[in-house]
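Worksheet: one structure, shown below.
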Amino acid sequence: MDINELPFKHAFIGGAKMNKFKNGFIFGTATAAYQVEGAFNEGGRTSSIWDTFSKTKGKVFMGDTGDIACDHYHRFKSDVEILKAIGVNSYRFSISWSRIFPSKDEYNPEGMKFYKDLINELKEKNITPAITLYHWDLPQWAEDLGGWENRDCAYWFQDYCTKVFEELGQDVSLWITHNEPFCASLVGNYMGVHAPGNKDLKSALMVSHHLLLSHGLVVRAFRKFKFVNGKIGVTLNLTPVYAASNSEEDILATKINDGFSNRWFLDPVLKGSYPKDMILFYEGIVGKLEYIVPGDLEIISTEMDFLGVNYYSRSKVEYSADSELKFQGIDGGEEKTAMGWEICPNSLYELLIRIQEEYTKLPLYITENGAAFNDKVTEDKKIHDIDRINYIKVHLQAIQKFIEGGGNLKGYYLWSFMDNFEWSYGYSKRFGMVYVNYETQERIIKDSAIWYKNVIKTGSLDN
Ligand code: BGC
């Protein structure tokens, strides 16, 4: 297939000269527990806030839940076979906290066994496990005790992670404390479209602070183990924001949106302070953020080993007097994925440069990047997802260009290994390079997986 001949508007401009990734670059793929595992009530697991949320009427498209999802819990061996066939170097997955601690102080070895078995299977096939400790599925018992609004939750998280390090630490070299604290706090507690479904800025900001605090506590807990090869970091979803015009108002709106989505997380973790303009702005809306107490920012900014970046799209905004946060998104006119997200590989390049210049020289990983499209299964059971191939290709080109300019980026995790429960969209959006038939649980390798396999094998994007 020659994707260069297709008339895509979003080709990466100013591509890299280098046409091969060097040996040692990690090509991986990712999933998350609630999105793929299923087995919601097996092996001693109790509910998480996502079980509760998805079972609340009207919260998830078509009332879909993660009860069965991709049944990865039972099918992990054959799924690892597929990972092996694709040839990925690493598999990023998350741990379901309520499998490990079904209630507050009750450790469940059976829950841990699932992850031990999965890790063994991966290691046998020479695939490096990369673990996310929190991908949004707070145990319901913790939510019932106040959830992330309760500062103690950061310490419950520390206890859970410490147990995970004790049990799995020798076998896993890449650890991610949190996946996208922006979504876990603001999307779930301010916008209300993710669990637990609240719509309150004050509590969402409190949640964000306690998530970040727990990140720092867990990095410190991890260091105590002195794992020789273990590396730990956090994954932030970062969305470059562009102004609709050069007007002062639109530029202000852009700064606020950037503060809201990006700086509120980057600054505390990498600079040890919250952005002053955002503190003033938020305090003007919700009053004093009195739960940020002396010493917290030192903990939050405890040195990590890498920064994980999830990148999907950019946003373009204008000033909006009517909105609480004074900005609103506008259509930037670029081609979009099935999520309605603009395809902008140049913004990924700009983002990486910005991180390196303004924030850190730590190694970076793209811990998620990928796209949903309306995949069609042909009669002979093929999925010609050329749009997805092109999406991945132009983003990998942006990454190549960054590396070529001296950027320290060590790996790329394609989202996602297989189609899965796409949060409030249920099963209606497909991000996988492997198709899942939810009726039969059959997996079908999409063309994008075949293409990715060749990229991994050759290091080259031209195949
Ligand atoms: C999340 C994934 C999600 C993906 C696509 C990221 O925000 O980490 O869980 O499926 O984006 O929406």
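The values are calculated or read from the model by the stated rules, or taken from the named source; none is laboratory data. Everything numeric here is computed off the predicted structure, so don't read it as measured data. All Cβ positions, glycine included, derive from the backbone under ideal geometry; neighbour counts span all protein chains shown. Accessible surface is based on the protein model in full, side chains and every heavy atom, while ligands, DNA and RNA are left aside. Shrake-Rupley method; radii C 1.70, N 1.55, O 1.52, S 1.80 Å.
Among the residues of the range 394-424, just one is touching a residue at least 60 places away in the same chain (Cβ under 8 Å), of a type in the set (Gly, Ala, Ser) and open to solvent by 10 Å² or more (accessible area, probe 1.4 Å), namely SER424. Is it the case that the range 179-195 has a residue that's buried (at least 23 other Cβ atoms within 10 Å of the Cβ) and away from the ligand (no atom under 16 Å from the Cβ)? No, because not a single residue in the range 179-195 is buried (at least 23 other Cβ atoms within 10 Å of the Cβ) and away from the ligand (no atom under 16 Å from the Cβ).
Checked against (1) touching a helix residue (DSSP H, G or I) at 6+ places or on another chain (Cβ under 7 Å); (2) part of a strand (DSSP E or B), SER428 passes all but condition (2). Reported count of residues in the range 370-424, each being among the hydrophobic types (A, V, I, L, M, F, W, C) and over 20 Å from CYS70 (Cα atoms), is 10.
Are any of the residues in the range 208-216 crowded, with 24+ Cβ neighbours inside 10 Å, within 16 Å of the ligand (Cβ to nearest atom) and closer than 30 Å to ASP117 by Cβ? The answer is yes; a qualifying residue exists. The number of residues in the range 264-290 that are part of a helix (DSSP H, G or I) and either surrounded by fewer than 20 Cβ atoms within 10 Å (Cβ to Cβ) or aromatic (Phe, Trp, Tyr) (or both) comes to 14. Taking the criterion of being part of a loop (DSSP other than H, G, I, E, B) and either crowded, with 24+ Cβ neighbours inside 10 Å or within 16 Å of the ligand (Cβ to nearest atom) (or both), the only residue of the range 41-53 that qualifies is ARG45. The single condition among (1) away from the ligand (no atom under 16 Å from the Cβ); (2) touching a residue at least 12 places away in the same chain (Cβ under 8 Å) that VAL434 does not satisfy is (1).
Each row is one residue, and each column tells you yes or no for (1) among the hydrophobic types (A, V, I, L, M, F, W, C); (2) over 19 Å from the mean Cα position of the chain (by Cα).
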| position | (1), (2) |
| --- | --- |
| HIS210 | no, no |
| GLY216 | no, no |
| ARG220 | no, yes |
| LEU238 | yes, no |
| SER245 | no, yes |
| ILE251 | yes, yes |
| LYS255 | no, yes |
| ASP267 | no, no |
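Among the residues of the range 100-133, those identified as farther than 30 Å from ASN454 by Cα and either in contact (Cβ under 8 Å) with a residue 60 or more places away in the chain or among the small types (Gly, Ala, Ser) (or both) are ILE100, PHE101, SER103, ASN108, GLU110, GLY111, LYS113, PHE114, LEU133.
Of all residues being outside any loop (DSSP other than H, G, I, E, B) and β-branched (Val, Ile, Thr) in the range 159-178, which is surrounded by the most Cβ atoms within 10 Å (Cβ to Cβ)? Just the residue, please.
So the residue we want is THR177.
Of the residues in the range 95-103, at least one is more than 27 Å from GLY308 (Cα to Cα) and either in contact with a strand residue (DSSP E or B) (Cβ under 8 Å, 6 or more places away or on another chain) or surrounded by fewer than 24 Cβ atoms within 10 Å (Cβ to Cβ) (or both).
Do we have any residue at all in the range 195-205 that's within 22 Å of LYS123 (Cα to Cα) and among the hydrophobic types (A, V, I, L, M, F, W, C)? Checking the range 195-205: not a single residue is within 22 Å of LYS123 (Cα to Cα) and among the hydrophobic types (A, V, I, L, M, F, W, C). Checked against (1) within 14 Å of the ligand (Cβ to nearest atom); (2) free of Cβ contacts under 8 Å to residues at least 24 places away in the same chain, TYR427 passes all but condition (2).
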